[in-house]
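Read through the structure below, which is laid out as structure tokens, and then see the notes.
The values are calculated or read from the model by the stated rules, or taken from the named source; none is laboratory data. All values derive from a computational prediction rather than experimental measurement. Note that each Cβ is placed from the backbone with ideal geometry, even for glycine, and that neighbours are counted across all protein chains shown.
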Amino acid sequence: MKVANDTRRGFTAAQYAICFSGIVWREGLRFLQQRERFLSALVRPLVWLFIFAAGFRQVLGVSIIPPYETYVLYEEYITPGLVAMIQLFNGMQSSLAMVYDREMGNMRTLLVSPLPRWYLLACKLFAGTAVSVLQVYAFLAVAWFWEIRPPPLGYFAVLPALILSGLMLGALGMMLSSLIKQLENFAGVMNFIIFPMFFASSALYPLWRVRESSTLLYDICNLNPFTHAVELIRFALYARIEWVALAVVCGCAIAFMLAAILAYDPARGFMTRRGGPGGGA
């Protein structure tokens, strides 16, 4: 009877805080124990920065476009796109971890907790975003030695943009994790979600150049949420705000998170139809 009364009264702020710290601590330990994950998160964008950008520097010149006030090297232009790529891959790796946990039973243990399911998913999303932000700053530190140096204020101004873009891409990965039935299917997601989002964006080339070659591709890039995440980070690195990108990133983050919460809802989500974690709860 006492347990039932406590459940009706809800949980205290301290209990929510304990749950949040526990999930974040677990994700932090997992990240520290998987050093290859940290190295791969750095090696991938550094290869693009050191090799790809150096090869295309003369071919893909960048004119003076906002937020730049002068001509910039191609390496400097693609840096925000590589930052967003780190967060995109981190969001997909987080979704892979959720699929793995679901198969191993760890996700079932988490989702049958008496705490609200939306709160548990939000905690996991914030934990993954925190990991991605650490990876981004490590990359920016290495890029600084490569003379990719935004204004000093930009390193602080970009933090809110990194949090918002990390939440959006992490929520996308969380939503996809509810659709992936088996761990082996994750490779298909890599091919059909990550790479089209990355290449059909402003990460590697300005949109005005895309429009010169294909109006259709230009429209696709404009509809791609990843494009707006890249532009939000690009402007924030120069202590400026791109309002359209901000609105799109915030809207998509909310939409993806709501879709993930509904997908993991045992009464309405995909997990019920597949008999997934919490499906019988």
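Considered as a group, the residues in segment 266-281 that are aliphatic (A, V, I, L, M) and surrounded by fewer than 15 Cβ atoms within 10 Å (Cβ to Cβ) include one that is modelled with the highest pLDDT, and that residue is ALA267. For segment 19-29, the set of residues classified as surrounded by 13 or more Cβ atoms within 10 Å (Cβ to Cβ) and more than 17 Å from LEU121 (Cβ to Cβ) consists of GLY28 only.
The set of residues in segment 148-196 being of a type outside the set (Val, Ile, Thr), modelled with pLDDT of 85 or more and not in a helix (DSSP H, G or I) consists of ARG149, PRO150, PRO151. In segment 228-265, which residue that is surrounded by fewer than 21 Cβ atoms within 10 Å (Cβ to Cβ) and acidic (Asp, Glu) is modelled with the highest pLDDT? Checking each candidate, the answer is GLU242. Going by the conditions given, is ALA97 more than 21 Å from GLY154 (Cα to Cα) and either modelled with pLDDT under 85 or of a type in the set (A, V, I, L, M, F, W, C) (or both)? Taking the combined requirement at face value, the residue satisfies it. The residues on offer are GLU75, GLU103, and the sole one that is assigned to a helix (DSSP H, G or I), more than 20 Å from the chain's Cα centre (by Cα) and modelled with pLDDT of 85 or more is GLU75. Can you find even one residue in segment 39-47 that is modelled with pLDDT of 70 or more, of a type in the set (Lys, Arg), surrounded by 14 or more Cβ atoms within 10 Å (Cβ to Cβ) and under 28 Å from PHE198 (Cβ atoms)? Checked segment 39-47: at least one residue is modelled with pLDDT of 70 or more, of a type in the set (Lys, Arg), surrounded by 14 or more Cβ atoms within 10 Å (Cβ to Cβ) and under 28 Å from PHE198 (Cβ atoms). Checking each residue in segment 143-178 for being farther than 20 Å from ALA239 by Cα, surrounded by fewer than 18 Cβ atoms within 10 Å (Cβ to Cβ) and touching a helix residue (DSSP H, G or I) at 6+ places or on another chain (Cβ under 8 Å) picks out only TRP146.
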